[in-house]
Structure formats: structure tokens, C-alpha cells
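Okay, structure first, notes after.
The values are calculated or read from the model by the stated rules, or taken from the named source; none is laboratory data. If you're wondering where the values come from, they're calculated on a predicted model, not measured in any experiment. No Cβ is skipped: glycine too gets one built from the backbone with ideal geometry, and neighbour counts run over all protein chains shown.
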Amino acid sequence: MNRRRWVAGTAALIAAPRVAMAQEQRLRIGLTAVILADQAAFLARWADYLSQRLGVKVTFASRDQYQTVHDLLNNGQVDAAWTCGYPYVRFQSQLQLLAVPLYLGQPVYQSYLIRPLGAQAPSAVRGWGDMAGKVFAYSDPLSNSGWLVAQGELAAAGLSHRDLKRGFFAHGHRNVADAVASRLADAGSIDGYVWETMRLQGMAGAMQTEVIWKSRLHAFPPLVASASTAPSRLEALQQGLLGMSNDDAGRALLKSLNLDGFIAGQPAMFDSIRQLARSVPGAGVPA
């Protein structure tokens, strides 16, 4: 019996490093919904592409809210996350920047204010000053383009969310477009890249809405990792993302995302979002 216990214990000690090594050789990326009808199939192709080039198993974990994605990152359940510029500046001390996408050749995008297509009634929303007494669709409480920008613009118009008839979170930019298109909301705040990509793909939410205002340019939503993760653990992932524009398979994946590539990026790129967050009460970014 003692010999059996000794053999079992020895086997467990030998197996433990193998298990740790297997975990070390896997990379998990958290993200919110990708703007594609075939999201699961696309993420499988992207994971396979990165796995082959990195020599490790890459998987994606998709969630509905940025906070849930950050919870996965904080708990060590994912190694990296594709997040938004607002949570990046809000939690910057806990994060390290991995990559920033290039859209139309630049690492920037805009927030759009949209309304139902052809809304010409006297009560139709024509700008932020018309939002009093209206129903408004936000994307996510941690979205720059889908919440933070809207708070800044409402304040500039002398309004706040309390002046709305109702405001609600659609939990996803595509859902904001769909809510406005179906007239569940009089207007909505949406990521301009998402709206343009939906329109490019002929999605109803974009085809049945129209843009009535565009924000200034802000840094594009980045990929990040926990500040406590060793850089050597993530170097291959960063290089894999930055190298996607260098081969046909990577360019095909980027085309599906309506992106041109990735750059390493710098924290200072997000200063406009940081300044905006500092001006919005309760945004969680101290002055």
C-alpha cells in the first residue's frame, strides 16, 4: 500500500510541470461581440491563424459586456482582452497595452449619434440638444463611443441622462443600431467604425439608421493584458497581431474585420478619452 502511494505521489509530481507547461503554452483572448454574422466561425479562423503562427493554442472568449471581459482578465481566465479606450484609461494602472488596430489606415475612430432613417417629424432628434424627453440607446457602461462621449455631449447641451425620457444599455454597438432602426429608441450613441462596417456588410441596423453627428477622433479600442503578466508571455501574441498585414491569410482576416492592421501603440494616444472621462462625473478617472 505504501509503495502504491509512493508511486502515485511521484506520478503526480511528474505530471504537475506538464500541466503547468500546457497552461503556459495556451493563450486566451477575451472580447465583446465581433461585428460579423458568422462570429463563431470567424473567431475559430482567427484562433487557428494565431495558433499556427505563435506555436501555442489560442482561444477566444466572447462576452456581452466590457466589465465581464475585464473580470476574466483580472481573474486570470484570459491572458489578453480586446477592450475599449475608456476602460483602458480607467484601469490603466492594472493594464499593459498590447496593440491598437488601424482603421482606414489610422489608429483612431469616432462616436456617432444616429437616429432612425428618414425621421423627419418635428419631434425628430437633430442633435444632442433635442434629447430632452427622448428615449436613448447606449452601448455599454464602459464604452467610450457608446456612453462616455454621450455624457460629455449631453452636458455640453445643458442636459444629462436625467433629462431623457428613458435611457438603456443595449450591450453592444450592433444592438444600439438595431434598437434605433426598430424605433425602440429615438437616437443612440454608437462606435462609428461599427456602424460603417455594418453598413458595408448591408446589415439592417445600419441601413435603416442615419448619422446626424460625429465626434472628434479618439484612439481605437485596444488589446490589453494585465500589468502583472510577464511581457515575455505576451511578446509572441503582440508580434502575431502586428504581423497580420504581412501575409495573405492575415490580410483576409483583417478585411473581414474592416481593419488594416495593428500597431503597438502608446498610452498617450488615449489622452483625449482620459480628458473626457475626467470631465464626466462618476466616470472613475480622477483629475
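Summary of values
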read-out	value
Residue satisfying all of: in region 210-248; surrounded by 13 or more Cβ atoms within 10 Å (Cβ to Cβ), in a helix (DSSP H, G or I) and small (Gly, Ala, Ser); modelled with the lowest pLDDT among these	Ala236
Residue match in region 152-169 (condition: crowded, with 24+ Cβ neighbours inside 10 Å and not assigned by TED's automatic domain parsing to the domain that holds Asp79)	no
Close pairs (9 angstrom Cβ cut-off, 6 or more residues apart or separate chains): of a type in the set (Lys, Arg) in region 78-97, in a loop (DSSP other than H, G, I, E, B) and at pLDDT below 95 anywhere	Arg90/Ala283; Arg90/Gly284; Arg90/Val285
Number of the exception - Pro141 against (1) under 22 Å from Ser62 (Cα atoms); (2) in a loop (DSSP other than H, G, I, E, B); (3) free of Cβ contacts under 8 Å to residues at least 40 places away in the same chain	(3)
Number of the exception - Asp48 against (1) of a type in the set (Asp, Glu); (2) surrounded by fewer than 18 Cβ atoms within 10 Å (Cβ to Cβ); (3) farther than 22 Å from Ala236 by Cα	(3)
Count of region 91-100 residues which are under 19 Å from Val149 (Cβ atoms) and buried (at least 23 other Cβ atoms within 10 Å of the Cβ)	1
Selection status of His171, modelled with pLDDT under 95, of a type outside the set (Val, Ile, Thr) and closer than 26 Å to Thr68 by Cα	yes
Checklist (1) of a type outside the set (A, V, I, L, M); (2) part of a helix (DSSP H, G or I); (3) more than 29 Å from Trp82 (Cβ to Cβ) applied to Arg183, failing item	(2)
In region 186-210, the residues that are small (Gly, Ala, Ser) and over 20 Å from Met131 (Cα atoms)	Gly202, Ala204, Gly205, Ala206
Enumeration of residues in region 61-71 that are more than 20 Å from Gln39 (Cα to Cα) and either buried (at least 18 other Cβ atoms within 10 Å of the Cβ) or modelled with pLDDT under 95 (or both)	His70
